[in-house]
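I have placed the structure first, in the form of structure tokens, so that the comments after it can refer back to it.
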Ligand code: SF4
């Protein structure tokens with residue numbers, strides 16, 4: 001098999017990590033690279049395992065996304081809508097299986113499996129807290145079934161759905177950008193609705209760049225101008241649907257932000273062409289609160 005190349009690309013989460021802590025960014029995108037190889041050096045493997053850790057809230061969000069995707073995929077394939085009770089039970093069971101896998105730290109041998117930060121770092125989480133998380137997943141999945149938006153999607157012929165998973169990245173001024181929404185469809189009013197499923201609290205600042213990325217996706221991949229795009233932020237916890245209309249002016253602003261973000265990250269590289277980074281160039285944050293919740297704490301600040 002051809003060797004994988006660590007090519008530079010942009011994503012909202014990469015931008016976020018870069019702004020959080022440069023050292024963390026280095027570990028995530030460079031230090032852990034090739035840690036999946038059987039003969040990877042021990043420290044690289046360790047970073048790779050730590051990189052996969054996820055918080056329990058993010059894990060719950062991922063499970064809800066998967067559940068939603070199952071329902072939509074079945075509908076697209078012309079099957080019956082998956083029964084709500086069946087899907088909820090399936091995901092509760094799945095949650096339990098994944099939780100045990102993580103608790104037993106089996107991800108150390110199989111890093112692609114669920115690896116919870118709480119288990120790796122021995123964070124005390126009361127049983128009640130895990131139950132609240134399970135209830136959260138159940139509630140989000142149930143809310144999904146009750147969304148008027150789902151009824152609207154079901155009324156829309158599948159040929160008017162956008163199969164996002166086929167193209168997740170697009171080229172922006174020579175850089176691959178990962179900014180695909182979760183789902184899209186053409187409305188009866190001939191507008192393109194791009195949907196982002198959310199399961200946590202709103203963060204307007206974080207959303208702006210992310211949603212802008214989706215508008216750019218619409219223009220670059222789907223060739224739809226911003227004025228015809230509605231960005232739908234669907235919070236499955238509430239549930240609520242927030243419609244962000246888009247326009248060329250806002251897209252221009254986001255494009256500039258994206259350009260600056262890419263330029264900023266590349267400025268930290270020893271060789272931007274070859275995407276070569278050196279650990280010493282990436283300083284550690286002074287904000288120890290960030291360190292306490294950081295995946296790489298065991299390597300970077302083991303004293304904490
Ligand atoms: S432990 Fe702190 S300094 Fe080290 S990578 Fe994590 S956030 Fe950065």
Report summary line: Fewest-first ordering of 285, 199 by Cβ atoms within 10 Å yields 285, 199
Report summary line: In deg cm²/dmol, rounded to the nearest 500, the helical mean residue ellipticity at 222 nm of the chain, built from -39500 (n - 2.57) for every DSSP H run of length 4 or more, is -14500 deg cm²/dmol
Requested in this report: Return the tail of the calculated pair distribution for segment 29-91, meaning the percent of Cα-Cα pairs more than 20 Å apart.
Outcome: 53
Report task. State the Kirkwood hydrodynamic radius of segment 152-265 in Å, one decimal place, computed from all pairs of distinct Cα atoms. Result -> 14.6
Query - Percent of beta bridges antiparallel (DSSP, the chain, rounded to nearest 5) - result: 65
Report summary line: For 8-18, 248-258, ranked highest to lowest by mean beta-carbon neighbours within 10 Å, the order is 8-18, 248-258
Query raised in the report: With contacts defined as alpha carbon pairs under 8 Å and 6 or more residues apart, what's the relative contact order of the chain in percent?
Result: 20
Report summary line: Burial-style ranking of 74-84, 177-187, average other-beta-carbon count within 10 Å with highest first, yields 177-187, 74-84
Query raised in the report: Fully extended, how many nm does the chain gain between residue 250 and residue 178 (0.36 nm per residue separation, minus their Cα-Cα distance)?
Result: 24.0 nm
Query raised in the report: If the chain were replaced by its equivalent ellipsoid, with semi-axes equal to the square roots of 5 times the Cα gyration tensor eigenvalues, what would those be, largest first, whole Å?
Result: 32, 27, 17
Query raised in the report: Taking Cα pairs under 8 Å and at least six residues apart, what relative contact order does segment 178-275 come out at, in percent?
Result: 24
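Just so you know, all these numbers are worked out from the coordinates, no wet-lab data involved. All values reported here derive from a predicted model rather than from experimental measurement. When we count neighbours, we look across all protein chains shown, and the Cβ atoms used for this are built from the backbone with ideal geometry, even at glycine.
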